[in-house]
Amino acid sequence: MTNQLGIELNENSYKVEFEGQQYLAGDVVSEEYSDFNLSKESMPHKLAIYIAIIELINKANLSLHNTELHVAINAPINVYKNSQLKNSYKQFLENNNRTITIRINDKSYFFNLNDLTICFEGMGLVYESRKEYSNQSSVVLDIGGLNTTMCAFNGIHPDFNSMIVSNLGSSSLKSKIERELVEKYGVAISSNDLEQIIQKGYFTHFGKKVKESINLIKTIKKDHLESIINFAKQHGYTFNQDKICFSGGGAMLLSNEIKSAFPNASIVINPQFANVKSFLEIIKVKYAS
């Protein structure tokens, strides 16, 4: 039981105290309270990173007091390409060189973050699979929650001029589906309802499966992928590379549509972790001794 909130927190739910404020994070919070700001220089994002660090330390049975932290964080491409924005983001997450004092589920933690490595979204598995990609050209489309980032690679070297970002993430897709269902069936749909609808691929009302909703949702998802591809083409993408790769959680939602439009494309296994795996390889190289 939490001392003040009076509720029992389930797994993957957190009560956080940081800098004199209390927050709830994780599964206990409805998606309706998600932060949809495209900027990641925000308190929810900062706390999520701190929670993840603590969780990993605990799972590894390590102590923060004698563990040297090497952390890589992703940044939107527009931030990564701007040295001022990137440095501001880095300082924000490092807590401006101050010791991070945080209390999670009534337990206190103290640690410092120094020399954060800022990586760009959309690396996919290029760096993890360097041998496979080293002699080939590729395009990576990372469909995230708030945006979709795109980058072309020559071998394992990113073409910085090709880096673009759109607001066509999975949140945009969910909004389209919600809007169409509300207009067509005249019912209220919560964020939690929407999550279930997208996962199932159909709408249920009063316990009855609405069969007509299946094709409606398929059409919206197909149109959303086409919007992503058209955005890329408008910015010079031809998709003539050796490899076309899709990653990010949004790629899971659009997997059938991607397979139909790009039969030879790769959809990264566990795509929501593709960046994490690439960042790990970068950290290994950076701190190899």
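Just so it is clear, none of the values below were taken in a lab; they were calculated from the coordinates. Source: prediction; values computed, not measured. Cβ placement follows ideal geometry from the backbone for every residue including glycine, while neighbour counts extend to all protein chains displayed.
Of the peptides 193-203, 260-270, 164-174, the order by per-residue mean of other Cβ atoms within 10 Å, starting with the highest, comes out as 164-174, 193-203, 260-270.
Note on region 137-269: with charges restricted to the Cβ of Lys and Arg (+1) and Asp and Glu (-1), its dipole about the Cα centre is near 440 debye. The Cβ shell under 12 Å around residue 245 holds other residues with a net charge of -3, Lys and Arg each +1, Asp and Glu each -1. For the peptides 82-95, 175-188, the ranking by packing is 82-95, 175-188, with the highest mean count of neighbouring Cβ atoms within 10 Å listed first. Over region 137-269, the alpha carbon radius of gyration divided by the compact-protein estimate 2.2 N^0.38 Å works out to 1.14.
Once the C-beta distance of residue 56 and residue 135 is scaled by a Förster radius of 30 Å, the resulting FRET efficiency is 0.30 to the nearest 0.05. A cut-off of 5 Å between modelled amide H atoms, ignoring neighbours fewer than 5 places along the same chain, links residue 141 with 245, 246, 247. A P(r) calculated from all alpha carbon pairs of region 13-120, with 5 Å bins opening at zero, reads 2, 11, 22, 23, 20, 15, 7, 1 percent. Give me the distance in nm between label points sitting 7 Å out from Cα along the Cα-to-Cβ direction at residue 238 and residue 107, one decimal. Taking the simple label geometry, residue 238 and residue 107 are separated by 5.6 nm. Placing unit charges on each Cβ (+1 for Lys and Arg, -1 for Asp and Glu) gives the chain a dipole about its Cα centre, and among 203, 172, 238 the Cα reaching farthest toward its positive end belongs to 238. Note on residue 180 and residue 41: the extension gain reaches 46.8 nm, defined as 0.36 nm multiplied by sequence separation minus the Cα-Cα distance. Of all beta bridges that DSSP places with both ends in region 13-120, some 80 percent have antiparallel geometry.
With Cβ to Cβ distances under 12 Å as the rule, what net charge do the other residues near residue 150 carry (K, R +1; D, E -1)?
Values: positive: 233; negative: 121, 142, 159.
Overall, the nearby charge balance is -2.
Net length available on complete extension from residue 21 to residue 8 is 2.7 nm, with 0.36 nm assigned per residue and the Cα-Cα distance removed. With the simple model of a label 7 Å out from the Cα in the direction of the Cβ, residue 67 to residue 276 spans 1.4 nm.
Taking the Cα centre of the chain as origin, work out the dipole magnitude from +1 charges on Lys and Arg Cβ and -1 charges on Asp and Glu Cβ, in debye rounded to 20.
Numbers: 29 positive and 30 negative charges, 110 e Å.
Using Cβ point charges on Lys, Arg, Asp and Glu, the chain gives about 520 debye.
Multiplying the residue separation of residue 286 and residue 187 by 0.36 nm and removing their Cα-Cα distance gives an extension gain of 30.3 nm.
Packing-based ranking of 16-22, 221-227 yields 221-227, 16-22, ordered from highest to lowest mean Cβ neighbour count within 10 Å.
Over all distinct alpha-carbon pairs, what is the Kirkwood Rh of the chain in angstrom? Please report the intermediate quantities before stating the final value.
Details: mean 1/r = 0.0478 Å⁻¹.
It works out to 20.9 Å.
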